[in-house]
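J.: Below you'll find the structure I mean.
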Amino acid sequence: MYDVIIIGAGVTGCSIAREISKYKVNACVIEKEEDVCCGTSKANSAIMHAGFDAEEGSLMARLNVRGNEMIETLSSDLDIPFIRNGSLVVCTNEEDLPKLQDLYQRGIANGVRDLAVLNREESVRLEPNLSDQVVGSLYAPTAGIICPFTMTFAFAEIASQNGIAFKFNTTVEDIQKSNGCYEVKTNHGILGSKYVVNAAGVYADVFHNMVSSKKMKITARRGEYCLLDKSAGSHVSKTIFALPGKYGKGVLVAPTVHGNLIIGPTAADIEDKEGTNTTKEGLGELLQKAGNTVKDLPLRQTITSFAGLRAHEDHHEFIIREVEDSAGFIDAAGMESPGLTSAPAVGEMVVGIIKNTFQMETKTDYIAVRKGIVHAAELTVEERNELIKMQPEYGNIICRCEMISEGEILDAIHRPLGAKSLDGVKRRVRAGAGRCQAGFCTPKTMEILSRELHIPMEDIVKSGMEANVVIGKNRAVK
Amino acid sequence: MEKYDIVVIGGGPAGLAAAASAKENGCNSILILERDNELGGILNQCIHNGFGLHTFKEELTGPEYADRYIKEVKELGIEYRLHTMVMDISENKVVTAMNRERGLYTIMAKAVILAMGCRERPRGALNIPGYRPAGIFSAGTAQRLINIDGYMPGKEVVILGSGDIGLIMARRMTLEGAKVKVVAELLPFSGGLKRNIVQCLDDYNIPLKLRHTVVDIDGKERLKGITLAQVGEDGKPIKETEEYISCDTLLLSVGLIPENELSNACGIRMEPVTSGPQVNESLETSISGIFACGNVLHVHDLVDYVSEEAALAGKNAVKYISAMETGETEPDQNEAEPIHLVATEGVRYTVPAVINVNKMEDSLIVRFRVGNVFQDSFISVYFDEERVIHRKKKIMAPGEMEEIKLQRVKLREFENLRTITVKIEKE
């Protein structure tokens, strides 16, 4: 019997797990995929929003600003790559200039610090590659960029080290309430719990609707992205947004914390909650729109494209509350943008809700600090040689595009909640995330996974139970 | 800091031939740095035959061809280090390398020969829409999995792109029992060698669909199928020509990119068309004493030409060092004005792009590729305005490298020669 079951090991679920792991509590996280960070958390803009977009007084506004404040300390405590690079919302039309003022005012009301409305000259001085149509911008120095994978892994690792259980490849099939407790039926049997937290992303409505008569509808809103090579990474230094439209913040152009350039997302509501495919139309639209705000984009440097699904609730607001007609079931739903930014604050809020009705004692031995995977390329020569002397695998480069050593991959595999798949390795250490897109390192990383986890090569997957890379030894084909 | 006369970056066919040639030309202080666990480079996974027809007048497999050079390098007593990644090359030729035993360390070289080879263009570079399941490989990755590791990527295969590795893999996977359903090529002609189309596709009844491309990828975890469509003159898919083909494997053979991250970081001037360094008649880059050869310079069709080119780079590196040491420096003095090669009208590029007539050998082979299929056309070479070479070819295609031979005496006949233009003419 658990005190708390969290459904979903995305950034929201893992943030809640980390927050609750500060207390003496018996909790677990249930995840349908084989790893954390497999849904919306892995495919988004990787932005820490400043907080001027959301409507004044909304939960989105409050949690965005709070999350943005919290990330500074969190990123240093948990070793999460984070850069406060600032953002510009650019206006490309004289007539729309008043909308910049509106955004500015909203930002002030939301408590966003240091906002400024800039004219064209001031904007271009900050960002020389803005398009010729740009007539002004809203500058938000508190906006940032982050590694959403590391953010999620860091939360999960801390939660795990502090005793929270993680159950992967576990699908929730039904939730029943009996004797004041929840019975969560999974493909691996029934789990009982006093509280259930619903952090299931695009599936949050499915689980909410299992326990409540007040139905929720979450729509998967697909966003397509292009990622450009590091050679294009300094094309802009700040995150460049277009003025928001009906479907959100529009297409942005931003550097990533790893030095690439990201362009996206589109916005299209779809039926399929697994519809992470890119489309010809989407990619076309993306490239056309990005050119409105930023000029001379080196699109030939595209190394990959991908799509993520935002969990859009009809009212475009986070739903973070105990379900009215189902005490002890707490939704953390509608976590679309700025969901990543807000995740740390959502963790606080959800645990606050649980504490209203459940006495939890604070742990005295809580592990608050995480040492991330060493990125050997960032060390000094002396530090690196010291490391190689202690563990020679750090001297053996496996991914030549990102210059990732075997030592880093071993750490990714063997740390708490370690990588089990090629994508798991990629998201933790970036082996395979570079310009050749894993052409050279795939066989090598497979061999390492196979050797370290004692699983045959045939069973190594890219991501997901069925995603085997090879089908067997040669001549296995009938 | 360690010191060597010549450091060769890469122990594949180019690096091996360059090192052997440097040694034969009198250099005794040579070091080859190789990142893999054996010498030979990509040839080790090219277990098919067809290598060496020009060099050895016999048909060898890739490993056999490599082995001849590996043996030579060993017999010549040339030093090499395996498992060693070169991290940086500085303008003043300090090479930073790393391996498990030595950690990160530096080597001072008098000359550096770049021989890092190339990599394959990935799916992302094409922006093919659809899902991102397992089962999509660049052809070379699949080749390595089968030929080195011994594992089959899948059993029902579609190949996009008709580059040589894709063609070779169509045959290889068929021989291993897989069904190769189709090879699709966006262009109206194949990017591979004619002999590979005959021997790898035609002989196995594998259809080659020209002017076709993949427009969608199906399958969330493992590939389930792809949608193929015909493309029009503009290279864009034509509506209602889409055809779904079920498959568990998609191989991409859509081009090779010289791997020049080190060259770029070093500040070497690059040639946009080849994505390789710009070199002169000595295969010397814009930084004196740094030479380039093989697929890092421009993508070759036959390894024989790589070896030949690399041997020239090795020889010139030795010349460069002896010129430095005998005080004939700075080598750029008392030089004639450089002659620029201009590639135009069907010719995509030339290697080299610049010639110093005083430094060229008696004759110089200039290699290039054409941008389209040409039948019964002429390779024409103009010295300034005057046509000096006019050679008829029955067929020329982008998949095959072409060459012309320039004689120094001929260049000398033209006073103040500024430009050599290479083009394809109908008559």
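J.: Calculate how many DSSP beta bridges within the protein assembly as shown are antiparallel, expressed in % of all such bridges and rounded to the nearest 5.
T.: Numbers: 115 of 172 bridges.
Counting DSSP beta bridges with both partners in the protein assembly as shown, the antiparallel share is about 65 percent.
J.: Treating only the Cβ of Lys, Arg, Asp and Glu as charged (+1, +1, -1, -1), what charge dipole size does the protein assembly as shown show about its Cα centre? Round to the nearest 20 debye.
T.: Numbers: 103 positive and 124 negative charges, 242 e Å.
So the dipole magnitude of the protein assembly as shown works out to roughly 1160 debye.
J.: For chain B, which DSSP H helices look membrane-span-like by this rule: Cα extent along the axis of 24 Å or more and mean Kyte-Doolittle of at least -1.0? Provide the component values of the computation, followed by the final result.
T.: On the way: long enough: B:303-325 (33 Å, 0.08).
Helices passing the filter in chain B: B:303-325.
J.: What is the Rg over Rh value, at two decimals, for the stretch B:160-253, using alpha-carbon atoms and the Kirkwood definition of Rh? Spell out each step's value before the answer.
T.: On the way: Rg = 13.0 Å, Rh = 13.5 Å.
Here the Rg-to-Rh quotient is 0.96.
J.: Per residue and in cubic angstrom, what volume does the convex hull of the Cα atoms of the stretch A:188-275 have? Please report the intermediate quantities before stating the final value.
T.: Working: hull volume 15.6 nm³, N = 88.
Output value, Cα hull per residue: 178 Å³.
J.: Here's another thing I want to ask about it. Which order, highest average first, do A:386-394, B:9-17, A:341-349 follow once you tally other Cβ atoms within 10 Å for each residue and take the mean per peptide?
T.: Values: A:386-394: 17.2, B:9-17: 30.1, A:341-349: 25.7.
Descending mean neighbour count gives B:9-17, A:341-349, A:386-394.
J.: With a 1.4 Å probe and all protein chains kept in place, how much accessible area does B:Val370 have, in Å² rounded to the nearest 10?
T.: 0
J.: Take peptide A:459-470, look around each residue's Cβ out to 10 angstrom, count Cβ atoms belonging to other protein chains, and average those counts. Each step should come with its number before you reach the end.
T.: Numbers: counts 0, 2, 3, 7, 5, 5, 2, 6, 9, 7, 9, 13.
Neighbouring Cβ atoms belonging to other protein chains average 6 per residue here.
J.: Within the set of other residues whose C-beta is less than 9 Å from the C-beta of A:Ala204, count the net charge using Lys and Arg as +1 and Asp and Glu as -1.
T.: Net local charge, A:Ala204 excluded: -3.
J.: Same structure again: Binning at 5 Å from 0, report for the stretch A:371-478 what percent of all alpha-carbon pair distances ends up in each bin.
T.: 2, 13, 23, 23, 18, 11, 5, 3, 1, 1, 0
J.: Could you compute Rg(Cα) / (2.2 N^0.38 Å) for chain A, with N its residue count?
T.: For chain A, the normalised Cα radius of gyration is 0.97.
J.: Rounded to the nearest 500, what is chain B's calculated 222 nm mean residue ellipticity when only DSSP H runs of at least 4 contribute -39500 (n - 2.57) each, over all residues?
T.: Values: 8 runs with 83 residues, N = 427.
Calculated at 222 nm, the ellipticity per residue is -6000 deg cm²/dmol.
J.: On to the next question. Note down the net charge around A:Leu309, summing +1 for each Lys or Arg and -1 for each Asp or Glu among other residues with Cβ under 15 Å from its Cβ. Write out the running numbers ahead of the final one.
T.: Details: positive: A:Lys32, A:Lys42, A:Lys217, A:Arg221, A:Arg222, A:Lys273, A:Arg310, B:Arg132, B:Lys220; negative: A:Glu33, A:Asp205, A:Glu224, A:Asp269, A:Glu271, A:Asp272, A:Glu274, A:Glu313, A:Glu336.
Within the 15 Å Cβ shell, the charges total 0.
J.: Rounded to the nearest 10 Å², what accessible area does B:Ile148 show when all protein chains are kept and the probe is 1.4 Å?
T.: That residue has around 80 Å² of solvent-accessible surface.
J.: In a Debye calculation with equal point scatterers on the alpha-carbon sites of the stretch A:1-153 and no solvent, what is log10 I(q)/I(0) at q = 0.21 Å⁻¹?
T.: -1.28
J.: Still on this structure, I have one more. Choose one of A:Gly432, A:His454, A:Pro416: the residue whose Cα lies farthest towards the positive end of the charge dipole of the stretch A:404-478 (beta-carbon charges +1 Lys, Arg; -1 Asp, Glu; about the Cα centre).
T.: Value: A:Gly432.
J.: For the stretch A:340-420, what is the convex hull volume of the alpha-carbon atoms per residue, in Å³? Could the numbers behind the result be given before it?
T.: Values: hull volume 13.4 nm³, N = 81.
Hull volume over Cα atoms, normalised by residue count, gives 166 Å³.
J.: OK, next. How long, wide and thick is the stretch B:33-153, going by the Cα atoms along their three principal axes, in whole angstroms, largest first?
T.: Extents along the principal axes: 49, 38, 26 Å.
J.: Oh, and also: Stick to Cα atoms and the Kirkwood definition of Rh, then tell me Rg/Rh for the stretch A:21-77.
T.: Working: Rg = 14.9 Å, Rh = 14.2 Å.
Here Rg/Rh amounts to 1.05.
J.: Which value, in Å to one decimal place, does the Kirkwood hydrodynamic radius take for the stretch B:222-293 when every pair of different Cα atoms is included? Don't skip to the end; give the middle numbers.
T.: Details: mean 1/r = 0.0627 Å⁻¹.
This gives a value of 16.0 Å.
J.: Averaged across the residues of B:135-146, what count of C-beta atoms belonging to other chains lies within 10 Å of each residue's C-beta?
T.: On the way: counts 6, 2, 6, 6, 1, 3, 9, 3, 0, 5, 7, 2.
If you average over the peptide's residues, the count of other-chain Cβ atoms is 4.
J.: How would you rank A:281-291, B:251-261, highest first, on the average number of other Cβ atoms within 10 Å across their residues? Could you put the intermediate results ahead of the total?
T.: Working: A:281-291: 17.5, B:251-261: 22.5.
Averaged packing, sorted descending, gives the order B:251-261, A:281-291.
J.: With a 1.4 Å probe and all protein chains left in place, how much accessible area per residue does the stretch A:341-478 have, in Å²? Numbers along the way, then the final one.
T.: On the way: 5930 Å² over 138 residues.
Solvent-accessible surface per residue comes out at 43 Å².
J.: Just the projected area, averaged over all directions, of the convex hull on the alpha carbon atoms of chain B: how many nm²? Could you put the intermediate results ahead of the total?
T.: Working: hull surface 87.3 nm².
So the mean shadow area of the Cα hull is 21.8 nm².
J.: Just want the answer: with Cβ charges of +1 for Lys and Arg and -1 for Asp and Glu, which residue in B:Gln45, B:Thr61, B:Ser21 is farthest toward the dipole's positive end in the stretch B:20-75?
T.: B:Ser21
J.: Now for a different question. What do you get when you divide the Cα radius of gyration of the protein assembly as shown by 2.2 N^0.38 Å, with N the number of residues? Could you put the intermediate results ahead of the total?
T.: Values: Rg = 29.8 Å, N = 905, 2.2 N^0.38 = 29.2 Å.
Rg over 2.2 N^0.38 Å, computed on Cα atoms: 1.02.
J.: Let me ask something else. With a 1.4 Å probe and all protein chains in place, put A:Met210, B:Met1, B:Met173 in order of accessible area, largest first. Before the final figure, lay out each step's value.
T.: Details: A:Met210 55, B:Met1 135, B:Met173 0 Å².
The ordering from most to least exposed comes out as B:Met1, A:Met210, B:Met173.
J.: Which Cα, out of B:Ile321, B:Leu297, B:Asn280, lies furthest along the positive dipole direction of the stretch B:268-404 (beta carbon charges, K/R +1, D/E -1)?
T.: B:Leu297
J.: In angstroms, what radius of gyration and Dmax does the stretch B:239-386 have, counting Cα atoms only?
T.: Every Cα atom of the stretch B:239-386 included, Rg and Dmax give 19.1, 71 Å.
J.: Can you pick out the pairs among A:Lys473/B:Lys57; A:Lys32/A:Lys355; A:Lys230/A:Lys426; A:Lys22/A:Lys177; B:Lys194/B:Lys239 whose Cα atoms lie more than 24 Å from each other?
T.: Working: A:Lys473/B:Lys57 35 Å; A:Lys32/A:Lys355 27 Å; A:Lys230/A:Lys426 16 Å; A:Lys22/A:Lys177 27 Å; B:Lys194/B:Lys239 31 Å.
Going by Cα-Cα distance, A:Lys473/B:Lys57; A:Lys32/A:Lys355; A:Lys22/A:Lys177; B:Lys194/B:Lys239 fall outside the 24 Å limit.
J.: Using only C-alpha positions, report the orientation-averaged shadow area of the convex hull of the stretch A:229-339, nm², one decimal.
T.: On the way: hull surface 35.1 nm².
One quarter of the hull surface, i.e. the mean projection, equals 8.8 nm².
J.: Which trypsin sites (Lys or Arg not before Pro) from the stretch B:359-427 combine a DSSP loop assignment with at most 16 other Cβ atoms within 10 Å?
T.: Details: sites: B:Lys359, B:Arg367, B:Arg369, B:Arg387, B:Arg391, B:Lys392, B:Lys393, B:Lys394, B:Lys405, B:Arg408, B:Lys410, B:Arg412, B:Arg418, B:Lys423, B:Lys426; in loops: B:Lys359, B:Arg418, B:Lys426.
Those satisfying the criteria are B:Arg418, B:Lys426.
J.: What distance in nm lies between label points placed 7 Å from Cα along the C-beta direction at B:Lys410 and A:Ser231?
T.: Each label point is offset 7 Å from its Cα along the Cβ direction, giving 3.4 nm.
J.: Output the DSSP H helices from chain A with an along-axis C-alpha extent of no less than 18 Å and a mean Kyte-Doolittle hydropathy no less than -0.5.
T.: Details: long enough: A:59-77 (26 Å, -0.18); A:97-110 (20 Å, -0.57); A:148-161 (20 Å, 0.67); A:280-293 (21 Å, -0.75); A:339-357 (27 Å, 0.79).
Flagged H segments are A:59-77, A:148-161, A:339-357.
J.: At a probe size of 1.4 Å, how large is the accessible area of A:His315, to the nearest 10 Å²?
T.: 140
J.: List the accessible area buried at the contact between B and A, summed over both sides and calculated with a 1.4 Å probe, in Å² to the nearest 100. It would help to have the intermediate numbers written out before the result.
T.: Values: alone 19470 and 20540 Å², together 35610 Å².
In total, chains B and A hide about 4400 Å² from solvent.
J.: May I ask you to list the residues of the stretch A:320-352 whose amide nitrogen lies under 15 Å from a point 7 Å from Cα along the Cα→beta-carbon direction of A:Thr73?
T.: Correct set: A:344-349.
J.: Additional query: Over the protein assembly as shown, what percent of the accessible surface lies on carbon and sulfur atoms, probe 1.4 Å?
T.: Numbers: 17100 of 35610 Å².
Within the protein assembly as shown, the accessible surface is 48 percent carbon and sulfur.
J.: Could you please report the charge total around A:Ile164, scoring K, R as +1 and D, E as -1 over all other residues with beta-carbon less than 13 angstrom from its beta-carbon? Walk me through the numbers on the way to the answer.
T.: Details: positive: A:Arg18, A:Lys22, A:Lys24, A:Lys167, A:Lys363; negative: A:Asp3, A:Glu19, A:Glu31, A:Glu157.
That works out to +1.
J.: Could you give the spread of the C-alpha atoms of the stretch B:134-198 along their three principal axes, from largest to smallest, in whole angstroms?
T.: 33, 22, 18 Å, listed from the longest principal axis down.
J.: Would you mind giving the mean number of other chain beta-carbons within 10 Å of the Cβ of each residue in A:299-305, as a whole number?
T.: 4
J.: Per-residue counts of other Cβ atoms within 10 Å, averaged by peptide: what ranking do you get for B:80-88, B:55-63, highest first? All intermediate terms of the calculation are to be shown ahead of the outcome.
T.: Working: B:80-88: 18.4, B:55-63: 15.7.
For the peptides B:80-88, B:55-63, the packing ranking is B:80-88, B:55-63.
J.: From the protein chains alone at 1.4 Å, what is the descending order of accessible area for B:Glu101, A:Glu336, largest first? If you can, show how the numbers build up before the last one.
T.: Values: B:Glu101 145, A:Glu336 10 Å².
From most accessible down to least: B:Glu101, A:Glu336.
J.: Over every pair of different alpha-carbon atoms in the stretch A:312-454, take the mean of 1/r and invert it; report that Kirkwood radius in Å.
T.: Numbers: mean 1/r = 0.0539 Å⁻¹.
The Cα-based Kirkwood calculation yields 18.6 Å.
The values are calculated or read from the model by the stated rules, or taken from the named source; none is laboratory data. This structure is a prediction, so every number in the text was calculated from the model and none was measured. No Cβ is skipped: glycine too gets one built from the backbone with ideal geometry, and neighbour counts run over all protein chains shown. Note: areas computed on protein heavy atoms with side chains; ligands, DNA, RNA excluded. Shrake-Rupley method; radii C 1.70, N 1.55, O 1.52, S 1.80 Å.
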